[in-house]
1. How large is the accessible surface per residue of the range 1-145, computed with a 1.4 Å probe and reported in Å² as a whole number?
2. On a straight-distance basis, which lysines could pair with K165 in a cross-link, Cα separation under 30 angstrom, same-chain partners fewer than 8 positions away excluded?
3. Restricting things to Cα coordinates, could you compute the convex hull volume per residue of the range 90-182 in Å³?
4. In whole Hz, with x marking every Gly and Pro, tabulate ³J(HN,Hα) for the range 145-161 from phi via Karplus 6.51 cos²θ - 1.76 cosθ + 1.60, θ = phi - 60°.
5. Apply the Karplus parameterisation 6.51 cos²θ - 1.76 cosθ + 1.60, with θ equal to phi minus 60°, to every residue of the range 115-123 and state each ³J(HN,Hα) to the nearest whole Hz, in sequence, with x for glycine and proline.
6. Under a 1.4 angstrom probe, counting protein chains only, how are Y17, Y59, Y130 ranked by accessible area, largest first?
7. Can you give me the long-range amide H partners of S157? Hydrogens built in the peptide plane at 1.01 Å from N, cutoff under 5 Å, separation of 5 or more residues or another chain.
8. With 20 Å as the cut-off, how large is the P(r) tail for the range 1-66, expressed as percent of Cα-Cα pairs?
Amino acid sequence: MKYFELNDDINFPNRWYLGDISEVDNWELSTSIPQGSANLKVEVVRGGDEMDFTFTEAYGVPIVSLKVREALNGIQDIAFIPVQVLGKKCATEYFVLVTRKIVECVDEGNSEFQKFEENDPVRPDKAGEYRAFMKLRLDARKIVDIDIFRLMKFEVSVIVSEQVKERLESVGTTGLGLAAVV
């Protein structure tokens, strides 16, 4: 099966940019539903056209439209939390996409990457984890019956199966970039 990394289309014309989500730890929203997430709000930091898919600026939290939520109906290991967009009257509802599954499946032999080192001046707590990928390849044998997940040791990355990719493309999802990783 083929897999793809979800990306925010930074070339989307006249796009909006969304900031932090208030009232919760934005890092927690990657893989869980934190306490106090009943009334989430996200600020528009630069106005522009709404998109069906975007990441917030600082923490890379995926924000999706109602259309995307409906397209992903029935996919396991994800959840949606309603989020109010501040500073803009929106044509649709928006949600935080929470991806609960984390999989260790990077094919290090065929990927190009950097890792955080011990005593890293910026993030010493991340020693041994991935800092960046120049080329990402996954070992598909380690991904069994999973349609959407985050990468262990690089949880900012959201990976989807070909089935999810096709669902998103079939509804004309705006703001979405996809890069093949398997």
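The values are calculated or read from the model by the stated rules, or taken from the named source; none is laboratory data. Nothing here was measured: the structure is a model prediction, and the numbers come from that model. Reconstructed Cβ throughout: ideal geometry from the backbone, glycine too, with neighbour counts over all protein chains shown. Side chains are part of the model used for accessible areas, which takes the heavy atoms of the whole protein and leaves out ligands, DNA and RNA. Shrake-Rupley method; radii C 1.70, N 1.55, O 1.52, S 1.80 Å.
1. On the way: 8150 Å² over 145 residues.
Accessible area per residue, the range 1-145: 56 Å².
2. Once the sequence-local lysines are set aside, what remains near K165 is K2, K41, K67, K88, K89, K101, K115, K135, K142, K153.
3. Values: hull volume 12.5 nm³, N = 93.
Considering the Cα atoms of the range 90-182, their hull volume per residue is 135 Å³.
4. Ordered by residue, 3J(HN,Hα) equals 6, 10, 9, 8, 7, 10, 7, 4, 6, 7, 6, 6, 8, 10, 10, 10, 6 Hz.
5. My calculation for the range 115-123 gives 10, 5, 9, 4, 6, 4, x, 9, 9 Hz in order.
6. Details: Y17 40, Y59 75, Y130 20 Å².
Sorted descending by solvent-accessible area, the residues read Y59, Y17, Y130.
7. L151
8. On the way: 658 of 2145 pairs.
Percent of Cα pairs beyond 20 Å in the range 1-66: 31.
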